[in-house]
Amino acid sequence: MPIPDFQSLMLPLLLYYADGKEHANQETYNVMAEQFHLTPEERAQTLPSGPMSLFDNRVAWAKTYLKRVAAD
(Lines give C-alpha, C1' and ligand atoms only; values in the text may rest on other atoms or scores of the structure.)
Protein backbone atom coordinates (compact mmCIF):
# COMPACT_ATOMS: atom_id res chain seq x y z
CA MET A 1 0.00 0.00 0.00
CA PRO A 2 1.38 3.45 -0.78
CA ILE A 3 2.02 5.81 2.08
CA PRO A 4 -1.21 7.77 2.58
CA ASP A 5 -1.28 11.54 2.16
CA PHE A 6 -2.06 13.70 5.18
CA GLN A 7 -5.69 14.22 4.11
CA SER A 8 -6.27 10.45 4.17
CA LEU A 9 -4.93 10.33 7.71
CA MET A 10 -7.30 12.94 9.15
CA LEU A 11 -10.40 10.80 9.72
CA PRO A 12 -8.48 7.84 11.19
CA LEU A 13 -6.70 10.29 13.51
CA LEU A 14 -9.99 11.82 14.63
CA LEU A 15 -11.39 8.38 15.34
CA TYR A 16 -8.23 7.41 17.23
CA TYR A 17 -8.36 10.55 19.36
CA ALA A 18 -12.10 10.19 20.00
CA ASP A 19 -11.38 8.33 23.24
CA GLY A 20 -10.34 11.65 24.78
CA LYS A 21 -7.10 10.26 26.18
CA GLU A 22 -3.62 11.62 25.66
CA HIS A 23 -1.49 9.72 23.15
CA ALA A 24 2.26 9.94 22.70
CA ASN A 25 3.40 10.86 19.20
CA GLN A 26 5.28 7.60 18.66
CA GLU A 27 2.25 5.62 19.79
CA THR A 28 0.09 7.54 17.31
CA TYR A 29 2.54 6.94 14.45
CA ASN A 30 2.63 3.22 15.24
CA VAL A 31 -1.15 2.83 15.48
CA MET A 32 -1.71 4.71 12.23
CA ALA A 33 0.97 2.65 10.47
CA GLU A 34 -0.70 -0.56 11.63
CA GLN A 35 -4.10 0.70 10.51
CA PHE A 36 -2.74 1.42 7.03
CA HIS A 37 -0.80 -1.88 6.95
CA LEU A 38 2.51 -0.21 6.20
CA THR A 39 5.56 -2.40 5.85
CA PRO A 40 8.78 -1.71 7.76
CA GLU A 41 10.30 -0.55 4.47
CA GLU A 42 7.51 1.99 3.97
CA ARG A 43 7.91 3.19 7.55
CA ALA A 44 11.65 3.59 6.96
CA GLN A 45 11.26 5.93 3.97
CA THR A 46 12.57 9.35 4.85
CA LEU A 47 11.90 12.82 3.56
CA PRO A 48 14.24 14.02 0.82
CA SER A 49 15.00 17.07 2.97
CA GLY A 50 16.05 15.24 6.12
CA PRO A 51 15.99 12.21 8.40
CA MET A 52 12.30 12.30 9.43
CA SER A 53 10.11 9.43 8.31
CA LEU A 54 7.83 10.35 5.41
CA PHE A 55 4.88 8.66 7.11
CA ASP A 56 5.51 10.29 10.48
CA ASN A 57 5.74 13.65 8.74
CA ARG A 58 2.37 13.12 7.08
CA VAL A 59 0.79 12.12 10.37
CA ALA A 60 2.27 15.25 11.95
CA TRP A 61 0.80 17.44 9.19
CA ALA A 62 -2.61 15.81 9.58
CA LYS A 63 -2.46 16.53 13.31
CA THR A 64 -1.46 20.13 12.64
CA TYR A 65 -4.39 20.76 10.33
CA LEU A 66 -6.84 19.10 12.74
CA LYS A 67 -5.57 21.29 15.58
CA ARG A 68 -6.07 24.40 13.45
CA VAL A 69 -9.66 23.44 12.71
CA ALA A 70 -10.33 22.71 16.38
CA ALA A 71 -8.93 26.11 17.37
CA ASP A 72 -11.37 27.99 15.11
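The values are calculated or read from the model by the stated rules, or taken from the named source; none is laboratory data. Just so you know, these numbers come straight off a predicted model, no measurement behind them. In this analysis, Cβ positions are derived from the backbone assuming ideal geometry, glycine residues included, and neighbour counts consider all displayed protein chains. Accessible surface is based on the protein model in full, side chains and every heavy atom, while ligands, DNA and RNA are left aside. Shrake-Rupley method; radii C 1.70, N 1.55, O 1.52, S 1.80 Å.
At 222 nm, what value in deg cm²/dmol follows for the chain if DSSP H runs of at least 4 each add -39500 (n - 2.57) and the sum is divided by all its residues, to the nearest 500?
Roughly -19500 deg cm²/dmol at 222 nm, from the helical runs in the chain.
If you find the alpha carbon centre of the range 8-24 and of the range 39-54, how far apart are they in angstrom?
Using only Cα atoms, the two centres lie 22 Å from each other.
I'd like the Karplus ³J(HN,Hα) series for the range 11-16: coefficients 6.51, -1.76, 1.60, θ = phi - 60°, whole numbers in Hz, and an x wherever there's a Gly or Pro.
5, x, 5, 4, 5, 5
Write down the accessible area per residue of the chain in Å², having rolled a 1.4 Å probe over the full set of protein chains.
Values: 4840 Å² over 72 residues.
Each residue of the chain exposes 67 Å² on average to a 1.4 Å probe.
Using a Gaussian network for the chain with springs between C-alpha atoms less than 10 Å apart, which of these wobbles most: Leu13, Leu47, Leu38?
Largest GNM mean-square fluctuation: Leu47.
Which whole number of Å³ per residue matches the convex hull of the alpha-carbon atoms in the chain?
Looking at the chain, the number lands at 95 Å³ per residue.
Hey, if you put +1 on the Cβ of every Lys and Arg and -1 on every Asp and Glu Cβ in the chain, which of Asn30, Val59, Ile3 ends up farthest toward the positive end of that dipole?
Checking the options against the dipole of the chain, the answer is Val59.
Below 8 Å, C-alpha to C-alpha, sequence gap of six or more: please give me the relative contact order for the chain in percent.
Reported relative contact order: 43 percent.
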